[in-house]
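Novice: This is the structure, below, for whatever I ask next.
The values are calculated or read from the model by the stated rules, or taken from the named source; none is laboratory data. Owing to the predicted nature of the structure, the values given are computational and were not obtained by experimental measurement. Quick reminder, even Gly has a Cβ in these numbers, built from the backbone with ideal geometry, and neighbours come from all protein chains shown. These accessible areas exclude ligands, DNA and RNA; they are computed on the full protein's heavy atoms, side chains included. Shrake-Rupley method; radii C 1.70, N 1.55, O 1.52, S 1.80 Å.
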There are 2 protein chains.
Amino acid sequence: MHTHTHSVGVVASRIAHFDKPTKLKSGAVLESYDLVYETYGTLNATGSNAILICHALSGNHHVAGYHSEKDRKPGWWDNMIGPGKPVDTERFFVIGVNNLGGCHGSTGPSSIDPLTGRPYGKSFPVLTVDDWVETQARLADYLGILQFAAVIGGSLGGMQVMHWSIAHPRRLRHALVIASAPKLTAQNIAFNDVARQAILTDPDFHGGDYYAHGVVPRRGLRIARMLGHITYLSDDVMGEKFGRILKNDTFQFGYDVEFEIESYLRYQGDKFADSFDANTYLLMTKALDYFDPTHHHRNTLSQALKPATADFLVISFTSDWRFAPSRSREIVKALLDNERNVSYAEIVAVHGHDAFLMPDPHYHDIVRAYMEGIAP
Amino acid sequence: MHTHTHSVGVVASRIAHFDKPTKLKSGAVLESYDLVYETYGTLNATGSNAILICHALSGNHHVAGYHSEKDRKPGWWDNMIGPGKPVDTERFFVIGVNNLGGCHGSTGPSSIDPLTGRPYGKSFPVLTVDDWVETQARLADYLGILQFAAVIGGSLGGMQVMHWSIAHPRRLRHALVIASAPKLTAQNIAFNDVARQAILTDPDFHGGDYYAHGVVPRRGLRIARMLGHITYLSDDVMGEKFGRILKNDTFQFGYDVEFEIESYLRYQGDKFADSFDANTYLLMTKALDYFDPTHHHRNTLSQALKPATADFLVISFTSDWRFAPSRSREIVKALLDNERNVSYAEIVAVHGHDAFLMPDPHYHDIVRAYMEGIAP
């Protein structure tokens, strides 16, 4: 099992069931729901060493380790989390959870609605970052965790971290906001809406009730993912990796793959369309659009972050054009306006937004050093 | 007719028919074809004052003026071309032509194939910038124009100008390359391929023969256009114009329009899908991808531009991230390597790639001054 060295090893997912009706930000009520989660490491006697990992658009609860001895693909942040890794599971008790609305085991649009016996489909409510934080807080209650040593997330995950710090300031000592933004720009929303329109107008979408028709809106989801991928990578790294390299020796003068970049994107789109639920994708992009902690604070981020008491580590990546470093600096400035303890690192990286998932040594050293400074 | 002041006024399109078989870059042969064109101003006695305008992705031959007294929408570059305008039709004889493969009157995929009596559809050959320049040269022959005073184009139009200068150096005295690039990057190709895949996978595409089915791949074309629009605008101008402004007073928590930017993009997509041919769109994006004058010159642009003898004006726009100023500077450098006369202007503009179509006074002054220096 040499691939599993320095890993948390084989892990099992668990389900927490919640049957107290939950009123969501939209006004809709969910009678009951499941959250699927994993934990790595050991909760200490005082329960003070727990860490929550919040996932991004296509992430899930399987953050680290493997699901079996034969499993070759570890959790999505395995390079960051494990024994001796920057988030050290020998010191911390780490929790990964699939957000409500997900498609990896938590209740979502593809789950069976107990009231009808059929998948929720279009009747599943639209969710917000606030709803996720509230349901994560219930999971913390369920696990007996009063206060997290840290809540950590990248991208959409970073938005959840920000909301945790505002809504439940006493429930976390540290907030790690990575490759994130205080709210989406018009361009961010525009990319999301193109992705959504591709799914919503796919004839196989059937208004969201495609499960009943035995189809999935594969075409739309594939386009959405291809587009997403472009925004995750920098122009430079695409140039370095693919440039204008041809698949064949000469131009084919047709609509099959000509350039390697086309082959890569179509492959990524196909893979995703075969494994992810389209309704979940829609819902995740809406949560991104809606997130705006300044909405009730006259668009002032300093005002919005006033309740936060956690110490912050904010990290951005130079080539990230989806959530550029300037967006992270907005967060840092607002925290400093409130005289919060905030460390900020702008990592020189070529990988664009995806850099937050990469094992860049400088990036990992910064997270490691920060985490070493946290008393478990 | 006050809206038509300072305009070339009411203009009529004409058709030139070519029935000598044309071998295209792909190897395919087109037996005959039409080109639709318009002219503004008067060709002088020596035929030395002609100017060719090359259009971009969704452009056409209707560059200036109106099609009737009641017409309210002028040609796409009416702010640039007309009596007393930067490209002054009182001095120059200006030609606009719809490229071969277009959908505005030149022979294209939606035209009737004389061999079958049905629309070409998928049998219409893939075209390149080289093919366009050769067919434009035939139109020049047809009109008795041996040498253009200038060939002018923005974006994909600028690529045609570059190829003119390389393939027919003695047939133009000046080359105006605006908001263009020497060849697409991987990211540029990637955006094009997402747009193409949206069209190609639309069930109404029918392999390109949708005409026979009485449908059009509207969904795919709409997505393609929405995506294109994002890349034509800068992040900043989108922020200024739309920001996070809501369509309604509060969030609707559904998939209808929430933000003004969504409304704008969907409207643009709908409008385009109702008026443009999907096969033409596909073909135009392929021509963009294929264009690479360095392909047979060891990727060296200086080598590729060696045959050019024209004087150049190269213009870029600071906020254009589709074809950034750095791409124009590559062209300028290659021309200087060849000791060509080249003027370069980098216009401070917020509108992104679309800035080349906008009546920015500084931009127009530069074009005007350059054109005034050209002996008709």
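Novice: Which one is surrounded by the fewest Cβ atoms within 10 Å (Cβ to Cβ), of the residues in the stretch B:147-185 that are under 12 Å from the mean Cα position of the chain (by Cα) and part of a helix (DSSP H, G or I)? I'd like the intermediate steps shown before the answer.
Specialist: Step one: filter the stretch B:147-185 for residues under 12 Å from the mean Cα position of the chain (by Cα), giving B:152-161, B:177-180.
Subset that is part of a helix (DSSP H, G or I): B:156-161.
On the way: B:Leu156: 25, B:Gly157: 27, B:Gly158: 30, B:Met159: 30, B:Gln160: 28, B:Val161: 30.
By that ranking, first place goes to B:Leu156.
Novice: State the number of residues belonging to the stretch A:341-366 that are open to solvent by 70 Å² or more (accessible area, probe 1.4 Å) and touching a helix residue (DSSP H, G or I) at 6+ places or on another chain (Cβ under 7 Å).
Specialist: Initially, the stretch A:341-366 is screened for residues open to solvent by 70 Å² or more (accessible area, probe 1.4 Å), giving A:341, A:344, A:346, A:348, A:359, A:361-362, A:365.
Restricting the remaining residues to those that are touching a helix residue (DSSP H, G or I) at 6+ places or on another chain (Cβ under 7 Å) gives A:344, A:346.
The number of residues fulfilling the criteria is 2.
Novice: Report yes if some residue within the stretch A:41-52 is part of a loop (DSSP other than H, G, I, E, B), over 27 Å from A:Ile374 (Cα atoms) and either of a type in the set (Gly, Ala, Ser) or touching a helix residue (DSSP H, G or I) at 6+ places or on another chain (Cβ under 6 Å) (or both); otherwise report no. If you could, list the steps in order and put the result at the bottom.
Specialist: Residues of the stretch A:41-52 that are part of a loop (DSSP other than H, G, I, E, B), as a first pass: A:41-49.
Narrowing further to those that are over 27 Å from A:Ile374 (Cα atoms): none.
There is no residue in the stretch A:41-52 that is part of a loop (DSSP other than H, G, I, E, B), over 27 Å from A:Ile374 (Cα atoms) and either of a type in the set (Gly, Ala, Ser) or touching a helix residue (DSSP H, G or I) at 6+ places or on another chain (Cβ under 6 Å) (or both).
Novice: If you go through the stretch B:281-321, how many residues are touching a Gly at 6+ places or on another chain (Cβ under 7 Å) and assigned to a loop (DSSP other than H, G, I, E, B)?
Specialist: The qualifying residues number 3.
Novice: Further, regarding this structure: Looking at B:Ala28, B:Ala12, B:Ala50, which one is under 20 Å from B:His174 (Cβ atoms), of a type in the set (A, V, I, L, M) and either loosely packed, with under 13 Cβ neighbours inside 10 Å or at pLDDT 95 or above (or both)? Break it down stepwise before answering.
Specialist: Values: B:Ala28 fails: under 20 Å from B:His174 (Cβ atoms); B:Ala12 fails: under 20 Å from B:His174 (Cβ atoms).
Criteria check complete, one pass: B:Ala50.
Novice: Restricting to the stretch A:91-112, and then to whatever is in a loop (DSSP other than H, G, I, E, B) and open to solvent by 10 Å² or more (accessible area, probe 1.4 Å), can you tell me which residue is nearest to A:Thr22 (Cα to Cα)?
Specialist: Taking the stretch A:91-112 as the starting set, the residues that turn out to be in a loop (DSSP other than H, G, I, E, B) are A:91-92, A:98-111.
When the remaining residues are screened for being open to solvent by 10 Å² or more (accessible area, probe 1.4 Å), the result is A:91, A:103-105, A:107, A:110-111.
Values: A:Arg91: 34, A:Cys103: 19, A:His104: 20, A:Gly105: 18, A:Thr107: 13, A:Ser110: 19, A:Ser111: 17 Å.
Going through the qualifying residues, I end up with A:Thr107.
Novice: Let me ask something else. Any residue at all in the stretch A:241-249 that's in contact with a Lys or Arg (Cβ under 9 Å, 6 or more places away or on another chain), surrounded by 18 or more Cβ atoms within 10 Å (Cβ to Cβ) and within 9 Å of chain B (Cβ to nearest Cβ)?
Specialist: Within the stretch A:241-249, the first condition is being in contact with a Lys or Arg (Cβ under 9 Å, 6 or more places away or on another chain), and the residues that meet it are A:244.
With the extra rule that they be surrounded by 18 or more Cβ atoms within 10 Å (Cβ to Cβ), the set shrinks to A:244.
Filter once more, keeping what is within 9 Å of chain B (Cβ to nearest Cβ): A:244.
Within the stretch A:241-249, one or more residues are in contact with a Lys or Arg (Cβ under 9 Å, 6 or more places away or on another chain), surrounded by 18 or more Cβ atoms within 10 Å (Cβ to Cβ) and within 9 Å of chain B (Cβ to nearest Cβ).
Novice: Sticking with this structure for a sec: Could you list, in sequence order, all residues of the stretch A:277-300 that are away from every other protein chain (no Cβ under 11 Å) and open to solvent by 20 Å² or more (accessible area, probe 1.4 Å)?
Specialist: So the first thing to find is which residues in the stretch A:277-300 are away from every other protein chain (no Cβ under 11 Å), and the list is A:277-278, A:280-281, A:284, A:288, A:293, A:296-298, A:300.
The answer is A:Pro293, A:His296, A:His297, A:Arg298, A:Thr300.
Novice: Still on this structure: What is the one condition in (1) touching a helix residue (DSSP H, G or I) at 6+ places or on another chain (Cβ under 6 Å); (2) surrounded by 24 or more Cβ atoms within 10 Å (Cβ to Cβ); (3) part of a loop (DSSP other than H, G, I, E, B) that B:Gly59 does not satisfy?
Specialist: So the condition that B:Gly59 fails would be (1).
Novice: Here is a further query. On the basis of being open to solvent by less than 50 Å² (accessible area, probe 1.4 Å), closer than 25 Å to B:Asp320 by Cβ and more than 10 Å from chain B (Cβ to nearest Cβ), does A:Tyr232 make the cut? Don't jump to the end; show me each part of the working.
Specialist: Working: open to solvent by less than 50 Å² (accessible area, probe 1.4 Å): yes; closer than 25 Å to B:Asp320 by Cβ: yes; more than 10 Å from chain B (Cβ to nearest Cβ): yes.
In short, yes.
Novice: So for the stretch A:202-211 (the condition being small (Gly, Ala, Ser) and surrounded by 24 or more Cβ atoms within 10 Å (Cβ to Cβ)), does at least one residue qualify?
Specialist: Initially, the stretch A:202-211 is screened for residues small (Gly, Ala, Ser), giving A:207-208.
Cutting the leftovers down to surrounded by 24 or more Cβ atoms within 10 Å (Cβ to Cβ) gives us none.
There is no residue in the stretch A:202-211 that is small (Gly, Ala, Ser) and surrounded by 24 or more Cβ atoms within 10 Å (Cβ to Cβ).
Novice: Just a yes or no: is a residue in the stretch A:222-229 in contact (Cβ under 8 Å) with a residue 24 or more places away in the chain, of a type in the set (D, E, K, R), facing chain B (nearest Cβ under 8 Å) and surrounded by 16 or more Cβ atoms within 10 Å (Cβ to Cβ)? Before the answer, list the steps.
Specialist: Residues of the stretch A:222-229 that are in contact (Cβ under 8 Å) with a residue 24 or more places away in the chain, as a first pass: A:222-229.
In the following step, the residues that additionally are of a type in the set (D, E, K, R) were identified as A:222, A:225.
Subset that is facing chain B (nearest Cβ under 8 Å): A:222.
Remaining after also requiring surrounded by 16 or more Cβ atoms within 10 Å (Cβ to Cβ): A:222.
Yes.
Novice: What number goes with the only condition from (1) in contact with a Ser or Thr (Cβ under 9 Å, 6 or more places away or on another chain); (2) in contact (Cβ under 8 Å) with a residue 60 or more places away in the chain; (3) open to solvent by less than 20 Å² (accessible area, probe 1.4 Å) that A:Ser7 does not pass?
Specialist: For A:Ser7, the exception is condition (1).
Novice: Moving on. Condition test on A:His163, is it without any contact (Cβ under 8 Å) to a residue 60 or more places away in the chain and more than 7 Å from every other protein chain (Cβ to nearest Cβ)? Reasoning before the result, please.
Specialist: On the way: without any contact (Cβ under 8 Å) to a residue 60 or more places away in the chain: no; more than 7 Å from every other protein chain (Cβ to nearest Cβ): yes.
No, not satisfied.
Novice: Then there's this: Quick one: which of A:Arg138, A:Arg118 is within 15 Å of A:Leu30 (Cβ to Cβ) and surrounded by fewer than 24 Cβ atoms within 10 Å (Cβ to Cβ)? Steps first, answer last, please.
Specialist: Details: A:Arg118 fails: within 15 Å of A:Leu30 (Cβ to Cβ).
Answer to the check: A:Arg138.
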